[in-house]
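Peer 1: Have a look at the structure that comes next, please.
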Amino acid sequence: MNVTLDNKVALVTGAARGIGRAIANALAANGARVVFTDIAGPELDEAAAACPGGNAKAAAMNVTDPGQVEAVVSGVVRELGSLDILVNNAGINTSAHRVNIDEFPLAEWEKILAVDLTGVFNVTRAGAAPMIRQNAGRIINIASVMGLVGARLQCAFTAAKAGVINMTRSTALELAPHGILVNCVAPGSTLTDATKGLFYSEDALMKERAERMLSHVPLGRPGTPEEIAHAVLFLAAPESSYITGQILSVDGGWTAGGFFRDF
């Protein structure tokens, strides 16, 4: 997919690997100057250095630290002149605590919501300010189909992603008068290094569960990070100028009713 993002400045959270890295690469490949952000580490620097066209930089940023978020966003605007596209992708889940709510640790709940929901709030609040000043911008949140349809044994993740979905809608209403479009992509199960170890390898921890899940996905396979990135690219494109407050599911048809297809 090719769009024109020349001279646009984009910031992507959770860009060191997986879906976030694919999104940052896609934006850069289409002309944007991209700031890869993630928690500090060699993966972040390597991802930015390997970005297509070399039109990228890395900035260590923990989305749970409001002061650090404000500093990074302010630095981007000061150095690059604007912030045109903000992608809230950073997120975590748990594999160690796939248990009912009565057994779910409070500390794990707080950890997941701090990144997956409050982190989106922190970055959106910081990024909205320069967008309001320039009277233009795109904010694209990455949620999950699990924010649209409940799932057993994932109370924190589903709650956080449902919050991101309705935060997208409310923020779209607030920021529309300032020329800022706010939308959300809700991926289904996606083939990343993390999900390979959990679902999609011969010795995956939850291989049988993944096979059952995929039997209800009409397209019969997990998505790829690049397919999620293309959805983000569509929402970032100049041509998508009349789309705001929307949730785009990229899930192989699962939320269209794939889980009922045997009935």
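The values are calculated or read from the model by the stated rules, or taken from the named source; none is laboratory data. Quick caveat: nothing in here was measured; it's all calculated off a predicted structure. Reconstructed Cβ throughout: ideal geometry from the backbone, glycine too, with neighbour counts over all protein chains shown. Keep in mind that these areas ignore ligands, DNA and RNA; they rest on the heavy atoms of the full protein, side chains included. Shrake-Rupley method; radii C 1.70, N 1.55, O 1.52, S 1.80 Å.
Peer 1: Which residues, counting only those in the range 130-147, are crowded, with 19+ Cβ neighbours inside 10 Å and outside any helix (DSSP H, G or I)? I'd like the intermediate steps shown before the answer.
Peer 2: Initially, the range 130-147 is screened for residues crowded, with 19+ Cβ neighbours inside 10 Å, giving 130-131, 137-147.
Correct list: 137, 138, 139, 140, 141, 142, 143, 144.
Peer 1: Now, a different point. Which members of the range 75-104 meet the condition of being open to solvent by 30 Å² or more (accessible area, probe 1.4 Å), at pLDDT 95 or above and over 17 Å from the mean Cα position of the chain (by Cα)?
Peer 2: 77, 78, 79, 80, 81 - these are the residues of the range 75-104 that are open to solvent by 30 Å² or more (accessible area, probe 1.4 Å), at pLDDT 95 or above and over 17 Å from the mean Cα position of the chain (by Cα).
Peer 1: Looking at the range 2-13, can you tell me whether even one residue there is out of contact with any helix residue (DSSP H, G or I) (no Cβ under 7 Å at 6 or more places or on another chain), of a type in the set (A, V, I, L, M, F, W, C) and surrounded by fewer than 22 Cβ atoms within 10 Å (Cβ to Cβ)?
Peer 2: Step one: filter the range 2-13 for residues out of contact with any helix residue (DSSP H, G or I) (no Cβ under 7 Å at 6 or more places or on another chain), giving 2, 6-8.
Cutting the leftovers down to of a type in the set (A, V, I, L, M, F, W, C) gives us none.
There is no residue in the range 2-13 that is out of contact with any helix residue (DSSP H, G or I) (no Cβ under 7 Å at 6 or more places or on another chain), of a type in the set (A, V, I, L, M, F, W, C) and surrounded by fewer than 22 Cβ atoms within 10 Å (Cβ to Cβ).
Peer 1: Out of all the residues in the range 84-126, which are of a type in the set (A, V, I, L, M, F, W, C), closer than 18 Å to residue 142 by Cα and part of a loop (DSSP other than H, G, I, E, B)?
Peer 2: Residues satisfying the conditions are 90, 92.
Peer 1: Right, here's the next one. Can you tell me which residue within the range 29-42, out of those that are open to solvent by less than 30 Å² (accessible area, probe 1.4 Å) and under 18 Å from residue 72 (Cβ atoms), is farthest from the chain's Cα centre (by Cα)?
Peer 2: Here is the first cut: in the range 29-42, the residues open to solvent by less than 30 Å² (accessible area, probe 1.4 Å) are 30-32, 34-38, 41.
Okay, now just the ones that are also under 18 Å from residue 72 (Cβ atoms), so 32, 34-38, 41.
Values: 32: 18, 34: 15, 35: 15, 36: 13, 37: 12, 38: 12, 41: 19 Å.
Restricting to residues being open to solvent by less than 30 Å² (accessible area, probe 1.4 Å) and under 18 Å from residue 72 (Cβ atoms), the top hit is 41.
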